[in-house]
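The values are calculated or read from the model by the stated rules, or taken from the named source; none is laboratory data. This is a predicted model, so every value here is computed, not measured. Cβ placement follows ideal geometry from the backbone for every residue including glycine, while neighbour counts extend to all protein chains displayed.
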């Protein structure tokens with residue numbers, strides 16, 4: 001396994017131009033038409049065959065060398081977020097209300113650069129697939145690609161994902177076996193009472209008061225139902241009720257999200273949200289209808305593949321550049337769907353501190369271009385080690 005970092009350092013300016021162009025032209029999930037056209041243009045330039053139109057804008061490119069039937073998949077997400085950018089540098093988004101605030105522009109370019117190198121230096125035996133996935137942020141593009149036959153049409157033995165992480169030292173890697181990121185579901189509760197005059201609440205059934213009690217009751221699920229050792233979060237983020245100061249409304253709607261690491265935890269929370277909501281509503285003379293929607297599952301790394309990935313990281317960049325026991329986070333990632341189907345490893349690469357390395361989904365975030373070399377070198381190292389000629 002060769003360290004391809006010098007190659008990517010010599011091509012950094014080229015990679016930065018592509019990355020900043022993508023940053024200027026962000027596109028939301030399943031709308032990444034221009035982004036896909038840039039990817040296809042570069043793949044054509046590198047002479048790499050590909051198929052497109054998977055989950056509307058998704059692309060899978062493949063390079064085969066030698067005689068081995070071994071095959072791995074490398075995945076990068078493509079979509080931006082529906083938010084207004086507040087940066088003022090030269091490559092700020094030109095689309096109002098759309099921004100690459102999660103670094104997917106950088107992820108695309110790291111994978112493109114790895115594809116370029118591997119097309120020029122076929123230092124492996126087998127097949128590597130470059131999966132450019134749309135709609136990670138909200139629509140579950142990974143799930144959609146799989147429903148459209150991703151792994152049947154393009155089978156792989158193992159799958160790998162990489163995401164930048166602000167706050168970590170720039171270029172430092174982090175991953176571990178088991179759960180790394182939480183599952184994410186959403187719920188809606190509609191509380192129906194009997195509206196009336198605000199001066200005569202005793203003649204109705206106040207759904208606003210019931211909603212307040214339900215919000216408090218939902219927090220008791222975490223503190224009094226789950227094992228304190230287990231991590232989970234219930235956040236009520238939407239409350240809609242009433243339009244007049246002197247009218248008790250007929251209905252109130254609540255909505256929120258649930259985060260968890262284990263399926264047993266998810267099932268417990270799912271059941272208790274309905275039980276708590278309905279029982280509190282009935283006790284206050286109201287009714288509650290609960291709609292719970294499964295979202296992204298927890299991101300759970302395969303043990304053997306995680307150890308393999310860590311070995312590649314340490315050999316390429318040194319043991320001190322790899323955190324093998326990072327703290328789990330409650331954010332979610334639709335790469336989890338792929339990990340449910342194929343053994344794999346999802347890892348983070350530090351985006352560093354500094355003004356533009358603020359938290360993800362922040363209007364002043366920007367991807368650190370210095371990561372392009374290390375990220376691409378990691379992809380190449382994984383390929384050369386997993387598809388070794390030996």
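Overview of values
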read-out: Odd one out for residue 102, checked against (1) in contact (Cβ under 8 Å) with a residue 40 or more places away in the chain; (2) over 21 Å from the mean Cα position of the chain (by Cα); (3) assigned to a loop (DSSP other than H, G, I, E, B); value: (2)
read-out: Where residue 44 falls short, out of the listed (1) assigned to a strand (DSSP E or B); (2) surrounded by fewer than 18 Cβ atoms within 10 Å (Cβ to Cβ); value: (1)
read-out: Filter result (in a loop (DSSP other than H, G, I, E, B), farther than 30 Å from residue 247 by Cα and touching a helix residue (DSSP H, G or I) at 6+ places or on another chain (Cβ under 8 Å)) within region 172-194; value: 172, 175, 176, 177
read-out: Residue under evaluation residue 107, criteria (1) assigned to a helix (DSSP H, G or I); (2) within 30 Å of residue 291 (Cβ to Cβ), criterion not met; value: (2)
read-out: Residue within region 316-325 that is modelled with pLDDT of 95 or more, in contact with a strand residue (DSSP E or B) (Cβ under 8 Å, 6 or more places away or on another chain) and in a helix (DSSP H, G or I) present; value: yes
read-out: Residue 341 being at pLDDT 95 or above and surrounded by fewer than 22 Cβ atoms within 10 Å (Cβ to Cβ); value: yes
read-out: Members of region 301-312 that are crowded, with 21+ Cβ neighbours inside 10 Å and within 30 Å of residue 232 (Cβ to Cβ); value: 301, 305, 306, 309, 310
read-out: Check on residue 324, in the same structural domain as residue 115 (by TED's automatic domain parsing) and within 23 Å of residue 122 (Cα to Cα); value: no
read-out: Region 81-99, residues that are closer than 14 Å to residue 367 by Cα, outside any strand (DSSP E or B) and in contact with a strand residue (DSSP E or B) (Cβ under 6 Å, 6 or more places away or on another chain); value: 85, 93
read-out: Matching option when the condition is in contact (Cβ under 8 Å) with a residue 12 or more places away in the chain, part of a helix (DSSP H, G or I) and surrounded by 22 or more Cβ atoms within 10 Å (Cβ to Cβ), among 39, 18, 59; value: 39
read-out: Region 313-328, residues that are touching a helix residue (DSSP H, G or I) at 6+ places or on another chain (Cβ under 6 Å) and surrounded by fewer than 19 Cβ atoms within 10 Å (Cβ to Cβ); value: 324
read-out: Members of region 110-142 found to be in a loop (DSSP other than H, G, I, E, B) and at positive phi, listed by number; value: 135, 140
read-out: Subset of region 331-377 that is assigned to a helix (DSSP H, G or I) and touching a strand residue (DSSP E or B) at 6+ places or on another chain (Cβ under 7 Å) - its residue that is nearest to residue 115 (Cα to Cα); value: 375
read-out: Every residue from region 195-243 that is in a helix (DSSP H, G or I) and in contact with a strand residue (DSSP E or B) (Cβ under 8 Å, 6 or more places away or on another chain); value: 201, 203, 207, 208, 210, 211, 214, 215, 218, 219, 221, 222
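Residue-by-condition table, conditions (1) within 13 Å of the chain's Cα centre (by Cα); (2) surrounded by fewer than 17 Cβ atoms within 10 Å (Cβ to Cβ):
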site	(1), (2)
127	no, no
134	yes, no
137	yes, no
142	yes, no
149	no, yes
157	no, no
165	yes, no
